[in-house]
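Heads up: the structure comes next, in structure tokens.
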Amino acid sequence: MYFPQLFKSEDFNLLKEIISENSFSSLITYNEKILSTKAMMQMKELGNDLFFIETHISRANPVARKIKEGDEVLCDFLGAHSYISSSWYDHINVSTWNYEEVQIYGLVEIMSDNELYNHLKKLTDFFELPQKCPMTLERMGAEFVEKEMKGALGIKIIPTDVKIKRKLSQNRDEENKQRIIDNLNQSHFSNDKIISKKMAELKK
């Protein structure tokens, strides 16, 4: 990640927000060549800003066939993001993109069957309990769940390096920041509204 000091953040609450709201993210590894897949990730807090990431992928996935205990991987979480047109400035400049992102480098630990079951239960409960007729693991039945689990690889990722980037036009003067905010507010894209709100909050 290109990581200018101006856009660096150490806000643990921001990290949690980005991960929780953008949990279907990129899992990237290297084994002879770069491999990447999308995976649903959960953050497990341990206290004192310590945490690890839980995820699972199909054993048929090329990443699963190459990944092993102790490997270093990268989890890349892209938060809200918006195009920033150079036409909004009061001077000639280039267009750019505002966004929030978390990158977590970490070491792989392969889950036990019990850990994988607990991970899948937490994940399923989170998304299913709000449904009208939740399909929980209990409703699926132990035999079915155990059969499906054989096709999944559970992974814990223990962070070794964490980067939180918040690029919200901090390199612009107040007048041009406001012009960006005003133009984003006129957009019909939801991400533009989110970035506009975050920029306004950052100005306070």
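The values are calculated or read from the model by the stated rules, or taken from the named source; none is laboratory data. The structure displayed is predicted, hence computed values, not measured ones. Note that we place each Cβ from the backbone using ideal geometry, even for glycine, and neighbour counts take in every protein chain shown.
Overview of results
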quantity: Single residue of E201, E175 found to be of a type in the set (D, E) and free of Cβ contacts under 8 Å to residues at least 24 places away in the same chain; calculated: E201
quantity: Qualifying residue in the stretch 52-62 (condition: surrounded by fewer than 19 Cβ atoms within 10 Å (Cβ to Cβ), under 16 Å from K198 (Cβ atoms), at pLDDT 95 or above and not hydrophobic (A, V, I, L, M, F, W, C)); calculated: no
quantity: Single match in L6, L35 (criterion: surrounded by 13 or more Cβ atoms within 10 Å (Cβ to Cβ) and farther than 18 Å from K156 by Cβ); calculated: L35
quantity: Residues being buried (at least 17 other Cβ atoms within 10 Å of the Cβ), under 23 Å from K8 (Cα atoms) and either more than 22 Å from the chain's Cα centre (by Cα) or not aromatic (F, W, Y) (or both) - total across the stretch 82-118; calculated: 9
quantity: Condition broken by L107, with the remaining ones in (1) modelled with pLDDT of 95 or more; (2) in contact with a Leu (Cβ under 9 Å, 6 or more places away or on another chain) satisfied; calculated: (2)
quantity: From D76, D49, residue being acidic (D, E) and free of Cβ contacts under 8 Å to residues at least 40 places away in the same chain; calculated: D49
quantity: Odd one out for E138 among (1) touching a Lys or Arg at 6+ places or on another chain (Cβ under 9 Å); (2) under 30 Å from K197 (Cα atoms); (3) not hydroxyl-bearing (S, T, Y); calculated: (2)
quantity: Residue tally, condition more than 24 Å from M135 (Cβ to Cβ) and not small (G, A, S), over the stretch 106-122; calculated: 4
quantity: In the stretch 10-25, residue nearest to E45 (Cα to Cα) [restricted to those that are surrounded by fewer than 16 Cβ atoms within 10 Å (Cβ to Cβ) and in contact with a strand residue (DSSP E or B) (Cβ under 8 Å, 6 or more places away or on another chain)]; calculated: K16
